[in-house]
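The values are calculated or read from the model by the stated rules, or taken from the named source; none is laboratory data. The structure presented is a predicted model; accordingly, all values stated were derived computationally and were not measured. Virtual Cβ from ideal backbone geometry, glycine too; neighbours counted across all protein chains shown. Surface areas here come from the heavy atoms of the whole protein model, side chains and all, with no ligands, DNA or RNA. Shrake-Rupley method; radii C 1.70, N 1.55, O 1.52, S 1.80 Å.
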Amino acid sequence: MDTVTLTINEQSITVSQDTTIWEAADSVGIHIPTLCHSPKLRPVAVCRVCAVEVEKSRTMPAACIRQVEEGMVVHTNTEKVQRARKTLVELLLSEHPYPCSQHKTTHDCELELLGEQMEITAPRFNGTETPSTQLRPPDESSPVIAVDLNACILCDRCIRACDEVQVNNVIGRAKKGHKTHIAFDTDVPMGESTCVSCGECMAACPTGALVNKPITESLGTDEKTVDSVCPYCGVGCGVTYHVRDNKIVHVAGRDDGHTEGRLCVKGR
Ligand code: SF4
Ligand code: SF4
Ligand code: SF4
Ligand code: FES
């Protein structure tokens with residue numbers, strides 16, 4: 001395969017020509033933050049948080065989707081890049097409940113973690129004047145997944161996880177403009193849709209928009225983690241149990257090289 005050589009943050013890197021800037025940077029340990037991108041999913045570049053500066057480029061391309069080019073000179077952390085990323089995160093946080101239900105329990109809402117890293121305390125921007133719970137009431141209809149579209153950042157990770165990874169084709173986008181939201185089937189409550197509760201969308205979701213319903217209390221960092229195999233059927237998917245006081249409090253899919261962290265409803 002043909003290779004190209006580019007420079008990222010003064011470091012010369014040679015990678016195959018179908019590599020993205022994000023992958024090239026990641027291969028040498030240079031971290032570029034992401035929200036809509038997950039290495040497991042096809043990049044769609046809808047959040048722009050991974051914007052970088054490329055010399056002689058008119059705009060700041062999204063590193064998760066822009067392919068490398070011979071002689072490209074990339075800067076991932078200039079003041080201009082940091083300012084642009086911070087503004088994007090502030091805009092997203094201006095309509096995001098804080099803490100969202102994911103941050104309250106597992107403390108890993110990717111948007112809120114980014115906000116914390118950027119030391120954003122009070123967003124500069126006001127959200128919509130319509131109370132968000134009126135615009136997007138919570139959907140508790142699924143037996144296993146709680147839906148709070150107020151925490152949704154429209155990153156489409158759930159759509160790609162459901163439609164392309166699991167090929168269940170349940171999730172899409174509905175409406176336009178500020179009313180745009182993810183929708184199940186023909187915009188029916190999740191529990192009334194053709195969802196099979198595999199939880200892949202929830203695992204892919206970076207925020208508290210789709211969360212594991214049984215987890216209602218705050219999980220600390222003191223849980224023991226135990227890598228194991230789901231015992232329910234012969235597929236034998238990799239799992240990681242989070243254990244507190246000898247009780248399993250949370251189960252997560254584990255990439256065992258075969259099932260890539262995917263589970264069905266029984267494993268979760
Ligand atoms: S739980 Fe599975 S089937 Fe249901 S919407 Fe999510 S990914 Fe699709
Ligand atoms: S529900 Fe989660 S994964 Fe889906 S678009 Fe919203 S934030 Fe992204
Ligand atoms: S997660 Fe589902 S498919 Fe995987 S081993 Fe358990 S029951 Fe079988
Ligand atoms: S992570 Fe690249 S555009 Fe969202």
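Set the Cα radius of gyration of the chain against 2.2 N^0.38 Å, with N its number of residues, and you get 1.07.
Which of the lysines could a cross-linker bridge to Lys176, judged by Cα under 28 Å and excluding same-chain residues fewer than eight apart? Within the straight-line cut-off, Lys176 pairs with Lys40, Lys86. Projecting the Cα atoms of Ala252, Pro214, Gln82 onto the charge dipole of the chain (Cβ charges, centred on the Cα centre) puts Pro214 farthest toward the positive pole.
Identify which of Val188, Val52, Val235 has the largest mean-square fluctuation in a Gaussian network model of the chain, with springs joining Cα atoms closer than 10 Å. So, out of Val188, Val52, Val235, the one fluctuating most is Val235. Considering only Leu219, Leu154, Leu114, the mean-square fluctuation computed in a Gaussian network model of the chain, springs between alpha carbons under 10 angstrom, is largest for Leu219. Put simply, the amide H of Ala63, placed in the peptide plane, has neighbours under 5 Å in Cys50, Ala51, Val52, leaving out anything fewer than 5 places away on its chain. Relative to the first principal axis of the alpha-carbon coordinates of the chain, what is the inclination of helix 79-93, with its axis defined by its Cα atoms, in degrees from 0 to 90 and to the nearest 10? It is inclined by approximately 20 degrees.
Near Ser218: Cβ cut-off under 13 Å, other residues only, Lys/Arg at +1 and Asp/Glu at -1. The net charge is -2.
Note on Lys179 and Asn126: the model spin-label points, each 7 Å out from Cα along the C-beta direction, lie 2.3 nm apart. Legend: residues Ser12, Ser38, sorted from most to least accessible area (1.4 Å probe; ligands, DNA and RNA excluded), read Ser12, Ser38. Evaluated on the stretch 1-65, the Kirkwood hydrodynamic radius is 12.3 Å, with distances taken between all distinct Cα atoms.
Dipole size of the chain about its Cα centre, with +1 on Lys/Arg Cβ and -1 on Asp/Glu Cβ: approximately 500 debye, rounded to the nearest 20. Positive contributions from Lys and Arg (+1) and negative ones from Asp and Glu (-1), summed over other residues with Cβ under 12 Å from the Cβ of Glu200, come out at +2.
Roughly speaking, what % of Cα-Cα pairs in the stretch 219-268 are separated by over 14 Å, rounded to a whole number?
In whole percent, the share of Cα-Cα pairs in the stretch 219-268 beyond 14 Å is 46.
Per residue, the accessible area of the stretch 3-89 comes to 51 Å², computed with a 1.4 Å probe over protein heavy atoms only. Once you divide the Cα radius of gyration of the stretch 132-212 by 2.2 N^0.38 Å, the number left is 0.96.
Using a 1.4 angstrom probe on heavy atoms only, work out the carbon and sulfur share of the accessible area of the chain in %.
Solvent-exposed carbon and sulfur of the chain make up 49 percent of the total.
For Ser218 and Ser141, the difference between the fully extended length at 0.36 nm per residue and the C-alpha to C-alpha distance is 25.5 nm. Computed over the chain with a Gaussian network model linking Cα atoms closer than 10 Å, the most mobile of Gln67, Gln17, Gln102 is Gln17.
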